[in-house]
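Since the structure comes first, as structure tokens, the remarks are kept for the end.
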Amino acid sequence: MVLSARATTAKASVDIVTTFLARIQELADDPDALDLTFGNPHEMPLPGLSAALKAQLEPQSVDWFAYKTSEREAQEAVAAGLRAELGLDFGPDDIAMTQGAFGAMSLAFALLADAGDEVVIPVPGWFCYEPMLFAADLVPVRAPLAEGSFDLDVDAIARAITPRTRIVIVNSPANPTGRVYPKSSWDALADVLEAASQRHGRRIWILSDEPYRRIRFDGVGFASPVASYPWTAIDYSYAKVLLAPGQRLGYLALSPLLSARDRDELQAAFMPLGLAIGWGFPDAIMQYATPALEALSLDIPELTRKRDRMYGALTDAGFEITRPEGTFYLWGRAPGGDGAAFCDALAARGVYLMPGTLFDQPHHFRVSLTATMEMIDQSLPHILEVGSQLR
Ligand code: PLP
């Protein structure tokens, strides 16, 4: 056995996803497959994205492709965006540029947590929290979201907290449910975390995982826990809003409400820890392009139409669907209650959805709305037919 125990545990915790991914990749050769699984693009990239990258390709100095940490102009563009979006006084030094949200989360773990510390994660939630925590020698502790509504369940988080808890990960807009949580949820969570931090004599942090922050429907507002609790770090990625997850760009942002002492200590550790986790900084071109990328977005009105088409057709047919307020996913209960059986029956017809088992929710399924409208229209009759067979 060559794998470390840590690697074995991390691998096992995500085996169900990697096995599913391998199966889906086999479809790549089938031009008729309707793949509504992962949040991958199914149309040509945004023209503005390639223009922004091309504009930075030609070297303008000898150090154009030298080692890059966090580039000042990228940090300034991010801070300006955050000030406008969240109404707090973020400065460029509050921002560490990273390789997407993945990179920002790894940096947060390295900055804040010691081996064996516990990190509370939402269930259902993104399937990479657990393997990332295992790989960082941290201990995931699951806190269920409210049954049925998938609201943030602050009491469940309170019950999950122990003297070893160091971080609570929250995710809004939430993958896979599409829920967006209101400020009142964050205020309640802040009270619980403040009391628990006092009780245990150790500060508990919030890591607010916000890669879908700009992808919301129907004018739903966005509240970040950063405004409710100073010991909050935000991780963000441009992969979702640009629908280009193969180009790695994101950041970790500290709350401007932190004390100057805590802020200074963390800021001074951004570069050394970015280096220590394996040069976790984005590539030069992505950083130079950040000011231009800040202004770009996938087509939200078109995404809304896709959400409406899928949500309308499924609810009209009697499916129990959580109405997505944000993200590009749609989350529902499988007719008959067996998510895997439902997805297998659809796969036999060449329509691929993600079974809820990947999120520890065997009764559910997830649809990625990054599919084209044509794919959605072609898949719907199959989904409805299989649904009525299994109901
Ligand atoms: N957090 C959530 C909830 C996600 O769904 C994802 C990607 O699917 C990530 C973080 C990681 O994002 P990225 O690949 O852009 O780093």
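Mind listing whichever residues of the range 129-172 are within 20 Å of the chain's Cα centre (by Cα) and acidic (Asp, Glu)?
Hits for the range 129-172 are 130, 151, 153.
Scan the range 72-85 and report the pairs whose first residue is assigned by TED's automatic domain parsing to the domain that holds residue 222 and whose second residue is assigned to a helix (DSSP H, G or I) and crowded, with 20+ Cβ neighbours inside 10 Å, with Cβ atoms within less than 6 Å and a gap of 6+ or a chain change.
Correct list of pairs: 74/287; 74/290; 77/290.
Please work out if residue 102 is within 16 Å of the ligand (Cβ to nearest atom), over 24 Å from residue 244 (Cα atoms) and assigned to a helix (DSSP H, G or I).
no
With the structure loaded, tell me whether residue 46 is closer than 18 Å to residue 239 by Cβ and at pLDDT below 95 or whether it fails that test.
no
Of all residues in the range 112-122, which are touching a Leu at 6+ places or on another chain (Cβ under 6 Å) and either of a type in the set (S, T, N, Q) or farther than 11 Å from residue 166 by Cα (or both)? Don't jump to the end; show me each part of the working.
Taking the range 112-122 first, the residues touching a Leu at 6+ places or on another chain (Cβ under 6 Å) are 113, 117, 119, 122.
Result: 122, single match.
Collect the residues in the range 1-52 that are within 16 Å of the ligand (Cβ to nearest atom), over 14 Å from residue 347 (Cβ atoms), in a helix (DSSP H, G or I) and over 20 Å from the mean Cα position of the chain (by Cα), keeping them in residue-number order.
49
For residue 94, all conditions in the list (1) under 19 Å from residue 272 (Cα atoms); (2) crowded, with 24+ Cβ neighbours inside 10 Å; (3) within 16 Å of the ligand (Cβ to nearest atom) hold save one; what is the number of the exception?
Among (1) under 19 Å from residue 272 (Cα atoms); (2) crowded, with 24+ Cβ neighbours inside 10 Å; (3) within 16 Å of the ligand (Cβ to nearest atom), the lone unmet condition for residue 94 is (3).
Which of the residues spanning the range 114-130 are within 12 Å of the ligand (Cβ to nearest atom) and either over 30 Å from residue 355 (Cβ atoms) or part of a helix (DSSP H, G or I) (or both)?
Step one: list which residues in the range 114-130 are within 12 Å of the ligand (Cβ to nearest atom), which gives 121-122, 124-129.
If the condition is that a residue be within 12 Å of the ligand (Cβ to nearest atom) and either over 30 Å from residue 355 (Cβ atoms) or part of a helix (DSSP H, G or I) (or both), then 129 is the only one that fits.
Could you check residue 134 against (1) more than 20 Å from residue 168 (Cβ to Cβ); (2) in contact with a Lys or Arg (Cβ under 8 Å, 6 or more places away or on another chain) and say which number it fails?
(1) is the only condition that residue 134 fails.
Within the range 296-375, which strands (runs of 3 or more DSSP E) (wholly inside it) include 3 or more residues that are surrounded by fewer than 24 Cβ atoms within 10 Å (Cβ to Cβ)? Walk me through it before giving the result.
Values: elements: 320-322, 329-333, 364-368.
Result: 320-322.
Select from the range 135-146 the residues that are in a loop (DSSP other than H, G, I, E, B) and buried (at least 19 other Cβ atoms within 10 Å of the Cβ) and write down the one among them that is nearest to the ligand (Cβ to nearest atom). Write out each step before concluding.
We begin by selecting, within the range 135-146, every residue in a loop (DSSP other than H, G, I, E, B); these are 136-138, 145-146.
Filter once more, keeping what is buried (at least 19 other Cβ atoms within 10 Å of the Cβ): 136, 138, 145.
Working: 136: 15, 138: 16, 145: 13 Å.
Among those that are in a loop (DSSP other than H, G, I, E, B) and buried (at least 19 other Cβ atoms within 10 Å of the Cβ), it is 145.
Just a yes or no: is a residue in the range 253-266 assigned to a strand (DSSP E or B), surrounded by 14 or more Cβ atoms within 10 Å (Cβ to Cβ) and not assigned by TED's automatic domain parsing to the domain that holds residue 24? So that I can check it myself, show each step before the final result.
Of the range 253-266, the ones assigned to a strand (DSSP E or B) are 253-254.
From what's left, surrounded by 14 or more Cβ atoms within 10 Å (Cβ to Cβ): 253-254.
Among the residues that remain, those that are also not assigned by TED's automatic domain parsing to the domain that holds residue 24 are: 253-254.
Yes, the range 253-266 has at least one match.
Return the only residue of 269, 239 being aliphatic (A, V, I, L, M) and assigned to a loop (DSSP other than H, G, I, E, B).
Numbers: 269 fails: assigned to a loop (DSSP other than H, G, I, E, B).
Among 269, 239, only 239 is aliphatic (A, V, I, L, M) and assigned to a loop (DSSP other than H, G, I, E, B).
Let's see how each residue does on (1) touching a helix residue (DSSP H, G or I) at 6+ places or on another chain (Cβ under 6 Å); (2) surrounded by 23 or more Cβ atoms within 10 Å (Cβ to Cβ); (3) more than 30 Å from residue 261 (Cα to Cα):
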position	(1), (2), (3)
114	no, no, no
124	yes, no, yes
133	no, yes, no
148	no, no, yes
183	no, no, no
198	no, no, no
209	no, yes, no
223	yes, no, no
226	no, yes, no
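Pick out the one residue from 111, 107, 88 that is in a loop (DSSP other than H, G, I, E, B) and in contact (Cβ under 8 Å) with a residue 24 or more places away in the chain. Write out each step before concluding.
Numbers: 111 fails: in a loop (DSSP other than H, G, I, E, B); 107 fails: in a loop (DSSP other than H, G, I, E, B).
Testing whether each residue is in a loop (DSSP other than H, G, I, E, B) and in contact (Cβ under 8 Å) with a residue 24 or more places away in the chain leaves just 88.
Of a type in the set (A, V, I, L, M, F, W, C) and within 16 Å of residue 75 (Cβ to Cβ) - does that describe any residue in the range 295-305? So that I can check it myself, show each step before the final result.
At the first step, the residues of the range 295-305 found to be of a type in the set (A, V, I, L, M, F, W, C) are 295-296, 298, 300, 303.
So of that shortlist, the ones also within 16 Å of residue 75 (Cβ to Cβ) come out as none.
Within the range 295-305 (the criterion being of a type in the set (A, V, I, L, M, F, W, C) and within 16 Å of residue 75 (Cβ to Cβ)), the answer is no, since none of the residues qualifies.
Tally time: how many residues in the range 1-38 are without any contact (Cβ under 8 Å) to a residue 40 or more places away in the chain and not basic (Lys, Arg)? Write out each step before concluding.
Residues of the range 1-38 that are without any contact (Cβ under 8 Å) to a residue 40 or more places away in the chain, as a first pass: 1-5, 8, 12, 15, 18-19, 21-23, 25-26, 28-29, 31.
After this cut, where a residue has to be not basic (Lys, Arg) as well, the list is 1-5, 8, 12, 15, 18-19, 21-22, 25-26, 28-29, 31.
So the count comes out to 17.
Quick one: residue 151 ticks every box in (1) out of contact with any strand residue (DSSP E or B) (no Cβ under 9 Å at 6 or more places or on another chain); (2) farther than 26 Å from residue 281 by Cβ; (3) free of Cβ contacts under 8 Å to residues at least 24 places away in the same chain; (4) not small (Gly, Ala, Ser) bar one, so which box is it?
Going through the list (1) out of contact with any strand residue (DSSP E or B) (no Cβ under 9 Å at 6 or more places or on another chain); (2) farther than 26 Å from residue 281 by Cβ; (3) free of Cβ contacts under 8 Å to residues at least 24 places away in the same chain; (4) not small (Gly, Ala, Ser), residue 151 breaks only (3).
Which one is farthest from residue 93 (Cα to Cα) among residues in the range 228-243 that are buried (at least 24 other Cβ atoms within 10 Å of the Cβ) and within 14 Å of the ligand (Cβ to nearest atom)?
Within the range 228-243, the match that is farthest from residue 93 (Cα to Cα) is 240.
The values are calculated or read from the model by the stated rules, or taken from the named source; none is laboratory data. A quick note: this is a predicted structure, and the numbers were derived from the prediction, not measured. All Cβ positions, glycine included, derive from the backbone under ideal geometry; neighbour counts span all protein chains shown.
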